[in-house]
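K.L.:
Mind having a look at this structure? Questions to follow.
The values are calculated or read from the model by the stated rules, or taken from the named source; none is laboratory data. Just so it is clear, the structure is predicted and the values come from calculations on it, not from any experiment. A quick note on method: Cβ atoms are made from the backbone with ideal geometry, for glycine too, and the neighbour counts reach across all protein chains shown.
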Amino acid sequence: MAKITKKVKMTKKEIKHDDIQDKIVDSLGLMKQYAKHIIIGALIIFVIVVMVNSYVKNNRKKEMNANAQLSTAISLLNRGRIADALGTIKDVENQYWGTNAASKSIYYKALAEFDQRNFDQAMKDAKDALKTNRKNSFIISYAYHLIGTIYEQKGDYKSAIENYLPDNYEKKLIKFTIPYAMYDAARCYEKKNELKNAIDLLKKIEAEYKGYSIAKDAMAHREFLEGLVTQI
């Protein structure tokens, strides 16, 4: 006699319970996958952090070494050892390319070339220094002044004035360099026989930079030029 299998009827409550269990199992599976992804993501972040820290540390060390080398070059320059200074500056540019010190070294190379009376090369380097040190107001101030000095040496007084006092110079240049740049620009106006412009600049130095020693020189030279004007 064949065995009759009794059909079991599940209640709605039992069906609902099974559905909940299935959802729990599915959720546990998703949580395991999610946890796996979190662990992998955390490992990736950890590796990135280690790499970034290593990069920053290496860059900091590179910058320190570059600054030390540049300081040596400046010291040599101040002692008149121009050839040695140029050699050291070249090392900074080659070994520490991309550092702030390498960017600044371009100005000091221009200064060294100027001391050797290589005016064309000095001009080129000084203009390059302006391009590579856009946020360094110290280098910008002195590079403009060096370019102005070179133009003055060449007898191009108009270009000299334009670089001693570039457009918007009161914002571009370091404040303490401005009265000296104005004084040099006044001298160039004098050489162009534009005495009124020269006198006006000298008066401005006297009025706006009273605490500077250059103000006394400006007053003395202004009085001299005014004496010339009365004789004309």
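K.L.:
Condition test on Arg60, is it at pLDDT below 95, basic (Lys, Arg) and part of a helix (DSSP H, G or I)? Don't jump to the end; show me each part of the working.
P.N.:
Details: at pLDDT below 95: yes; basic (Lys, Arg): yes; part of a helix (DSSP H, G or I): yes.
It is true that Arg60 is at pLDDT below 95, basic (Lys, Arg) and part of a helix (DSSP H, G or I).
K.L.:
Of the residues Asn94, Asn118, which is farther than 29 Å from Ser159 by Cα and free of Cβ contacts under 8 Å to residues at least 12 places away in the same chain? Reasoning before the result, please.
P.N.:
Numbers: Asn118 fails: farther than 29 Å from Ser159 by Cα.
Selected residue: Asn94, the only one of Asn94, Asn118 that is farther than 29 Å from Ser159 by Cα and free of Cβ contacts under 8 Å to residues at least 12 places away in the same chain.
K.L.:
Moving to a separate point now. Just wondering, is there one or more residues in the stretch 207-230 that are hydroxyl-bearing (Ser, Thr, Tyr) and either in a helix (DSSP H, G or I) or more than 34 Å from the chain's Cα centre (by Cα) (or both)? Working first, answer last.
P.N.:
Within the stretch 207-230, the first condition is being hydroxyl-bearing (Ser, Thr, Tyr), and the residues that meet it are 209, 212-213, 230.
This time we only want the ones that are either in a helix (DSSP H, G or I) or more than 34 Å from the chain's Cα centre (by Cα) (or both), so: 230.
Within the stretch 207-230, one or more residues are hydroxyl-bearing (Ser, Thr, Tyr) and either in a helix (DSSP H, G or I) or more than 34 Å from the chain's Cα centre (by Cα) (or both).
K.L.:
Only one of (1) within 22 Å of Asn168 (Cβ to Cβ); (2) charged (D, E, K, R); (3) modelled with pLDDT of 95 or more is not met by Asp84, so which one is it?
P.N.:
Failed condition: (1).
K.L.:
From Ile139, Ile161, Ile150, which residue is modelled with pLDDT of 95 or more, touching a Gly at 6+ places or on another chain (Cβ under 8 Å) and not basic (Lys, Arg)?
P.N.:
Unique residue meeting the criteria: Ile161.
K.L.:
Counting just the residues of the stretch 186-215 that are of a type in the set (Ser, Thr, Tyr) and crowded, with 16+ Cβ neighbours inside 10 Å, which one comes out farthest from Lys158 (Cα to Cα)?
P.N.:
Narrowing the stretch 186-215 to residues of a type in the set (Ser, Thr, Tyr): 189, 209, 212-213.
Next cut, crowded, with 16+ Cβ neighbours inside 10 Å only: 189, 209, 212.
On the way: Tyr189: 8, Tyr209: 24, Tyr212: 26 Å.
Going through the qualifying residues, I end up with Tyr212.
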